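Below is one structure, written out as structure tokens; the observations come after it.
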Amino acid sequence: MSRNRAIKLLPWIVTPSLIVLIVVAWQVIVTAFNVNPFIFPPPGEVWEAFVSLLTNERAWAATLTTVTEIITGFLIAMVVGVVVGVVLGKLQWLEVSLRPLIVISQVAPKVAFVPLFVIWFGFGLTSKVVLSALLAFFPIMLNVLLGVRSVEQGHREVMTSLNATRRQRFTQLEMRSLLPYLFAGMEVAIVLATIGAIVGEYLGGNNGLGNMVVAAMNSLDAAMTFALILWLSIIGLVLYLIVNELKRFFIPWHESVYGLRNTSA
Amino acid sequence: MPTMTTHDTSARVAPSNAPAPEVPRLHITDLGRDFTTRAGVTHAVSGIDLDIRVGEFVALIGRSGCGKTTLLRMIGGLLSPTTGTIEVDGRSLWRGAQVDPTAVTKLGFVFQESNLFPWFSVLDNIALPMKLRGVGKAERRARAADLAALVGLTGFEKSYPRELSGGMRQRAAIARALSTEPELLLMDEPFGALDALTRERMNLELQRIVLETNSTVVFVTHDIPEAVFLADRVVHMTPRPGRIRQILPAEFEKPRSVDLQTTVEFNEIVRKLRHDIDEEE
Ligand SMILES: Nc1ncnc2c1ncn2[C@@H]1O[C@H](COP(=O)(O)OP(=O)(O)OP(=O)(O)O)[C@@H](O)[C@H]1O
Ligand SMILES: [Mg+2]
């Protein structure tokens with residue numbers, strides 16, 4: 001009981017302590033070795049840059065742009081990924097015949113397509129959204145495909161013995177046993193969607209936080225670069241936590257959620 | 001006491017809406033099922049003839065692999081027969097490999113694993129069959145609560161299946177199967193995974209529920225005393241091919257108490273079955 005509580009409290013103690021430790025070590029190293037702040041700025045300077053970033057209207061506009069790209073790409077990946085995953089999961093012959101193509105497109109370095117996307121979709125939002133969606137698509141599609149195939153035989157037989165219609169099978173059984181797989185895919189996908197949007201901004205256009213990172217680097221503003229990386233990490237964390245919270249809401253019965261609440265280890 | 005439909009349990013007659021008494025609930029003729037595998041053809045079940053009366057409790061017993069599950073799955077509309085026919089209340093269950101949906105609605109199946117849906121609460125699991133039949137939410141919830149009470153799960157309606165013990169899950173599965181008031185309840189080793197004491201308690205509860213609902217039951221088990229305790233007739237099957245070797249009546253008054261298991265008559269039947277099953281090799 002008390003051991004349980006201790007285990008749950010552990011990350012709340014360890015994480016802040018580690019962060020403090022890292023910041024202190026950072027400061028010590030920078031001072032001790034007299035590192036050039038252009039190469040590796042001390043934590044204080046990064047913090048100042050971070051504060052100035054958060055009080056800068058342009059930064060907020062860039063944040064809105066980037067977040068819009070991420071969410072749009074993620075939602076497109078969700079819709080397409082679920083549809084393709086369900087169809088391929090249901091039609092085994094189609095999945096088997098497309099499998100080589102899927103594997104190839106999955107291992108292909110999609111970031112390399114950015115120049116093409118810029119040619120096709122321009123320097124605006126679209127090319128970033130496309131890259132973001134493309135990266136997020138695969139984990140969702142593959143997990144959904146796996147989920148469709150993983151419905152328990154015993155559960156299917158329950159539905160058969162109850163004379164369930166196809167529609168009822170889908171809404172009461174298949175869709176629901178699919179959800180944990182979908183959320184597992186979504187947790188990976190939201191991270192990849194974030195990467196997609198930022199890399200897209202690195203390589204083309206003049207909008208968004210990725211573009212600000214490039215601009216800060218070009219003006220040799222290492223502190224601002226660090227501050228932007230910090231800000232992007234926070235955005236990524238918040239998006240991940242939103243997906244995680246959705247998961248807790250939609251599948252409270254699943255091990256991945258339920259087990260956390262009731263660890264008996 | 002639950003407020004379910006309570007029939008007069010002493011009467012062995014069919015309820016008024018059932019067909020004439022001379023039509024058996026279940027009429028099986030020359031039933032057989034083969035499986036073709038890499039190793040060749042298995043005659044899992046072959047030449048089964050069996051009639052089961054309305055309100056009768058029949059236990060299927062026999063060595064592992066003698067075709068009990070295969071037989072039950074065919075009766076349950078889950079597996080099509082290779083030969084022979086199954087009639088439920090005089091209506092043919094199988095048309096080739098197609099199952100007649102109206103005949104299936106009369107059946108309730110309790111699987112070896114409870115097969116509850118982990119995303120539904122106990123109450124929603126019990127109510128699922130009614131949901132599929134379009135019973136309104138308020139009504140099915142009320143009836144599911146009554147069924148939960150019938151199987152002794154009051155207070156656990158909102159729990160997820162994972163929060164229940166194995167025996168409680170099995171009881172929830174029985175309640176789910178009962179929720180459509182099936183005319184024929186099919187149970188495949190429902191208590192196989194339980195310890196002896198829980199199993200004994202479940203047997204008593206099952207007997208009470210079956211008497212209260214006047215259900216007809218086909219019950220698969222490995223446990224000889226369990227079969228004799230619950231059943232009106234014990235069907236003893238032998239493997240390869242799965243056939244009926246003998247049918248032993250166990251005509252003891254119901255409801256039966258655990259004391260029955262110490263009587264000479266009871267043990268006579270148990271001993272005979274044990275001996276006969278033992279001598280096959
Ligand atoms: N799907 C299947 N494919 C191939 N053979 C099968 C299949 N199902 C059952 N069999 C074979 O049919 C025979 C009877 O199996 P069944 O499951 O009906 O036995 P059982 O009496 O229920 O055994 P147990 O008591 O162990 O559950 C076995 O020899 C088994 O190998
Ligand atoms: Mg079996």
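The values are calculated or read from the model by the stated rules, or taken from the named source; none is laboratory data. On a predicted model such as this, the values are computed, not experimentally measured, just so you know. Backbone-built Cβ (ideal geometry, glycine too); neighbour counts: all protein chains shown. SASA here: full protein model, heavy atoms, side chains in, ligands and nucleic acids out. Shrake-Rupley method; radii C 1.70, N 1.55, O 1.52, S 1.80 Å.
With protein chains left intact and a 1.4 Å probe, residues in the protein assembly as shown average 50 Å² of accessible area per residue.
When the residues B:Lys158, B:Lys254, B:Lys137 are ordered by accessible surface, computed with a 1.4 Å probe over the protein chains alone, the sequence from largest down reads B:Lys158, B:Lys137, B:Lys254. Counting only DSSP H runs of at least 4 residues, each contributing -39500 (n - 2.57), and dividing by the residue count of the protein assembly as shown, the helix-based mean residue ellipticity at 222 nm comes to -18500 deg cm²/dmol. Full extension of the chain segment joining A:Leu75 with A:Ser97 gains 5.2 nm, where the gain is 0.36 nm per residue of separation less the Cα-Cα distance. Rolling a 1.4 Å probe over the protein chains gives B:Asp124 an accessible area of about 50 Å². Within the shell of other residues whose beta carbon sits under 14 angstrom from the beta carbon of A:Leu125, the net charge comes to -1, with Lys and Arg scored +1 and Asp and Glu -1. The label point for A:Val243 and the one for B:Gln261, both projected 7 Å from the Cα toward the Cβ, are 5.4 nm apart.
With the simple model of a label 7 Å out from the Cα in the direction of the Cβ, A:Phe33 to B:His222 spans 6.6 nm.
The spacing between the range A:188-226 and the range A:62-113, judged by their C-alpha centroids, is 23 Å.
Straight-line reach from A:Lys90: taking Cα to Cα under 13 Å and skipping same-chain neighbours fewer than 8 places apart, the aspartates and glutamates in range are A:Glu174. Peptide B:108-120 shows a mean partner chain C-beta count of 5 within 10 Å per residue C-beta. Pairs spanning more than 32 Å between alpha-carbon atoms, out of A:Lys8/B:Lys158; A:Lys110/A:Lys247; B:Lys68/B:Lys137: B:Lys68/B:Lys137. Note on B:Phe35 and B:Arg91: with the Förster distance fixed at 22 Å, the Cβ-Cβ geometry gives a FRET efficiency of about 0.25. Working from label points 7 Å from Cα in the Cα-to-Cβ sense, the A:Leu9 to B:Glu163 distance is 2.6 nm.
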